[in-house]
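K.L.:
This is the structure, below, for whatever I ask next.
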Amino acid sequence: MRPTVLLFDIDGTLISSGGAGRRSFEKAVLRATDRRDACNFSFAGMTDRSIARTALTNAGYEVTEEKIAALIEGYLGFLAEELPSSQCVVHTGIAEALDAVSGQEGVAVGLGTGNVHPGARLKLGRVGLFERFGFGGFGSDHEVRPELLRIGAARGAALLGAPMEACRVVIIGDTPKDVAGAKEIGAESIAVATGQYSVDELLACAPTWVFPDLTAEGALARLLR
């Protein structure tokens, strides 16, 4: 088997956090801009930095790195308050999939997520999953999803002691943006309909494979080939 890097998305793929992320961003944006309508868009597949940029633009603000950083800092504060009382769930098949791939020789299991690293730690820590991932590409690494996936893939390859071009890279996600990001970096993609997109909607994006969830027949085999 080729050295394999698996990069899992968080929201809608690994877990759902009961809307804690959106509520936290809405609170942070309201405090920063006094606008309740600035987050009137879908967050699906977006990075935290791109959410912050879009909200600030919608509120009529000139977007600067300082404003993005301040907004994300506010978001993280609200997220820490929201998560303990939110109904966070691990999606069907995730625990079994992580058990199946963890410890496999030649396999690096990481994250490929638009969440900034502290947000990823808060969300996954809430359900006891953060320590299952030794590395990742995060929204704090890059605002553009394909680039953060590329960074995560490079980190996984380094852990395996292999050049990235020699590795099989698989992106596991629940949105068209996950599929598009995988294509952009030349990776395979496993799309799961555990978020807001159906199997048919994901099929239309032409992922390498698509499953209702990771308990579906053949899903675990596709992770490891």
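The values are calculated or read from the model by the stated rules, or taken from the named source; none is laboratory data. Everything numeric here is computed off the predicted structure, so don't read it as measured data. Neighbour counts run over all protein chains shown; Cβ positions are idealised from the backbone, glycine included. Side chains included, ligands, DNA and RNA excluded: accessible areas come from the protein's heavy atoms. Shrake-Rupley method; radii C 1.70, N 1.55, O 1.52, S 1.80 Å.
K.L.:
Can you compute 3J(HN,Hα) from phi for each residue in segment 170-176, using the Karplus curve 6.51 cos²θ - 1.76 cosθ + 1.60 with θ = phi - 60°, rounded to whole Hz and x for Gly and Pro?
P.N.:
10, 9, 10, x, 10, 10, x
K.L.:
Counting each DSSP H run of 4 or more residues in the chain as -39500 (n - 2.57), what helix-only mean residue ellipticity at 222 nm follows after dividing by all residues, to the nearest 500 deg cm²/dmol?
P.N.:
Computed ellipticity for the chain at 222 nm equals -13000 deg cm²/dmol.
K.L.:
Calculate one ³J(HN,Hα) per residue across segment 210-224 by plugging θ = phi - 60° into the Karplus curve 6.51 cos²θ - 1.76 cosθ + 1.60, and present them in order as whole Hz with x for glycine and proline.
P.N.:
Result, ordered by residue: 9, 9, x, 6, 7, 8, 5, 4, x, 5, 5, 4, 5, 4, 10 Hz.
K.L.:
Using a 1.4 Å probe on the protein chains only, how many percent of the accessible area of segment 114-225 belongs to carbon and sulfur?
P.N.:
C and S atoms contribute 53 percent here.
K.L.:
Another question, then. What ³J(HN,Hα) values, in whole Hz, does the Karplus curve 6.51 cos²θ - 1.76 cosθ + 1.60 give for segment 100-114 when θ = phi - 60°, with x put for Gly and Pro?
P.N.:
With the stated coefficients, segment 100-114 comes to 6, 9, 5, x, 5, 5, x, 10, 10, 10, x, 10, x, 9, x Hz.
K.L.:
Enumerate the amide H contacts of Gly195 below 5 Å, restricted to partners 5 or more residues apart or on another chain; note that Pro and chain-start residues carry no placed amide H.
P.N.:
Amide H to amide H, under 5 Å and 5 or more residues apart or across chains, Gly195 pairs with nothing.
K.L.:
Starting from the amide H of Gly136, placed 1.01 Å from N in the peptide plane, find each other amide H under 5 Å away whose residue is 5 or more places distant or on another chain.
P.N.:
Residues meeting the criterion, in which the H sits 1.01 Å from N, are Leu111.
K.L.:
Right, something else. Please go through segment 51-131 and write out the GluC sites (Glu not before Pro) that DSSP classes as loop and that have at most 16 other C-beta atoms within 10 Å.
P.N.:
Passing sites in segment 51-131 are Glu62, Glu105.
K.L.:
A follow-up question, please. Please give the peptides 49-58, 167-176 ranked by average Cβ packing (other Cβ atoms within 10 Å per residue), highest first, as a rough proxy for protection.
P.N.:
So the peptides 49-58, 167-176, ranked by packing, come out 167-176, 49-58.
K.L.:
Under the definition of Cα pairs under 8 Å and six or more residues apart, what whole-number percent is the relative contact order of the chain?
P.N.:
Dividing the mean separation by the residue count of the chain yields 26 percent.
K.L.:
Note the full-extension length gain between Leu203 and Arg2 as 0.36 nm times their separation in residues minus their Cα-Cα distance, in nm to one decimal.
P.N.:
Full-extension gain reported as 69.7 nm.
K.L.:
Right, next: Using only the Cα atoms, work out Rg/Rh for the chain, with Rh taken as the Kirkwood radius, to two decimals.
P.N.:
On the Cα set of the chain, Rg over Rh gives 0.97.
K.L.:
Can you tell me what share of the DSSP beta bridges in the chain is antiparallel? A percent to the nearest 5 is fine.
P.N.:
10 percent
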